[in-house]
Each structure stands twice: as C-alpha cells, then as structure tokens.
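Here's the structure, in structure tokens; my notes come after.
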Amino acid sequence: MSDAIISVQQLTYRYPDGHLALDRLSFDITAGEKVALIGPNGAGKSTLLLHLNGVLRGTTGRIVINALPLEDANVRQIRAQVGLVFQNPDDQLFSPRVAEDVAFGPLNMGLSPAEVKIRVDRALAAVGLGDYGDRLSFHLSGGEKKRVAIATVLSMEPSILLLDEPSSGLDPRTRRSLIELLASFREQTMLISTHDMRLAYALCQRAIILDGGKIAADGGIDLLHDQALMEQHGLETP
C-alpha cells in the first residue's frame, strides 16, 4: 500500500536455536490506524514488535517504516519514530527518578537541555503524571509505572506506538484508566499486542490474529466476535 506507515513483506525469523518464530508475515498498516495484534502465548507477537524498531532482524523479508527500509543506515531514524512500550515497565525504567527516565530518549537524540525539559513535561502531562518528575520510579504503583513507561516513549514524539500487553497485571480500575489514556492518543498509529479482548475492542478498529508465527486472520475488529475463529486459535471473544 502506498500510504502504509508500516509495511511488512514476507518477514521470516528463526531464533538461534532454530525455532521458527515468524513465518512469511505480510501486512500493511496505514497512518492513524489502531490495530490489535492477538494470539496465544508463543504466537510470535512480541517477536514481531521487536522487529518493527530493529531490535531483532528478520532472517528474510522486508520492513519499511514511514517510507524508510529498516536497515542499518536508517535504524536510528526509525527508532525515533517507533516507540516500543514493553510488557513489564521495570524493563524500561532504570533511572532513580521519573524525569530522568523520561529524559533519556530525548537526551540521546542530542536535544538541548531546554528542549528535553519541554518534552519531559509534555510527556508526563500527556499520561496524567505532570507532577511526578521528582518521584522515585521504584516507589510507583504498577499502573503508574506503566504510564511512566509510555511517557518515556512519548518524549521521543514518535508517530508509531507499539505496546506489548499494556494491561497485563493491572487491577480493573487501573486498566480502565489505561484504556482511557490510550484512547486519548489520536495522532499516533498503534499496534497493540494483547490478550485483553475488551481492551482491543475498545481501542482498535482492526485485528491481526497471529498463531504459530503466521497470520491466521486480518480484518475489522468484529473478528473478535467470531467465536469459532477465536476458539480455533485458543482465544476468547470480548
């Protein structure tokens, strides 16, 4: 598709032990789309996300992000456009204070201290934690850590957000708050890997079902109500 912001063509990946994790995946995502990536454990969802900003590189196939082929010459520029939020925020937060975590990306982009502060303040405000800059990251609740992890990505001002199981481990109230937060992000394209069918249905217009490293189905979010299809791939309807 000529207007695709993410284009994946025949992507195949084997882990060093020989396990085939992704098997000739092909799909396009257009700018502004919110897409749910669903499938059973071991389907290849997290592996796919790690390919879309160059953490992993396919054995074969091609990825193009915003018209840039994902290759060595472009990977730094692509990583500034593609924000990846890990399932466990403790994998993303490593500085003593919240503001330092959120500032890490912009500082590594070579931005001035004044611009970094503007980005940190803006990102924390966007996730509803505007007064958390001086807080100690390890004192935060699970939901607050999730929000800070998202802020570390937003401070890079990406056009694409990749979220790996964003509601994992959250209580119902915090989960609802997170859904409201993500729904407020109108500008970014999103690919959300999740087992949370209600979250997927609330946020996304499209679903890609991944199973055994292959795309089993790709279509409107109402795919999630196809009980036979969902059961076939070890999933539940919303």
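Couple of notes before you dig in:
- Screening residue 175 with (1) in contact with a Ser or Thr (Cβ under 6 Å, 6 or more places away or on another chain); (2) at positive phi gives one miss only, at (2).
- Residue 128 being under 18 Å from residue 183 (Cα atoms) and modelled with pLDDT under 95: yes
- Only one of 148, 153 that is in contact with a helix residue (DSSP H, G or I) (Cβ under 6 Å, 6 or more places away or on another chain), in a helix (DSSP H, G or I) and under 24 Å from residue 79 (Cα atoms): 148
- All positions within region 79-126 that are over 18 Å from the mean Cα position of the chain (by Cα) and not in a helix (DSSP H, G or I): 94, 95, 96, 97, 109, 110, 111, 112
- Number of residues in region 1-20 that are under 12 Å from residue 67 (Cα atoms) and in contact (Cβ under 8 Å) with a residue 60 or more places away in the chain equals 3.
- Test: residue 44 is at positive phi, crowded, with 20+ Cβ neighbours inside 10 Å and either charged (D, E, K, R) or touching a strand residue (DSSP E or B) at 6+ places or on another chain (Cβ under 6 Å) (or both): yes
- Comparison of 203, 229, 223 shows that the only residue that is touching a helix residue (DSSP H, G or I) at 6+ places or on another chain (Cβ under 6 Å) and among the aliphatic types (A, V, I, L, M) is 203.
- For region 144-175, the set of residues classified as under 24 Å from residue 39 (Cβ atoms), more than 11 Å from the chain's Cα centre (by Cα), charged (D, E, K, R) and surrounded by fewer than 24 Cβ atoms within 10 Å (Cβ to Cβ) consists of 175 only.
- Selected residue (criterion: surrounded by the fewest Cβ atoms within 10 Å (Cβ to Cβ)) from residues of region 71-117 that are basic (Lys, Arg) and more than 26 Å from residue 168 (Cβ to Cβ): 76
- Checked across region 85-94, the condition of being touching a residue at least 40 places away in the same chain (Cβ under 8 Å), touching a helix residue (DSSP H, G or I) at 6+ places or on another chain (Cβ under 6 Å), more than 27 Å from residue 234 (Cα to Cα) and among the hydrophobic types (A, V, I, L, M, F, W, C) holds for at least one residue.
The values are calculated or read from the model by the stated rules, or taken from the named source; none is laboratory data. Everything numeric here is computed off the predicted structure, so don't read it as measured data. Positions of Cβ are generated from backbone atoms using ideal geometry, with glycine treated the same way; all protein chains shown enter the neighbour counts.
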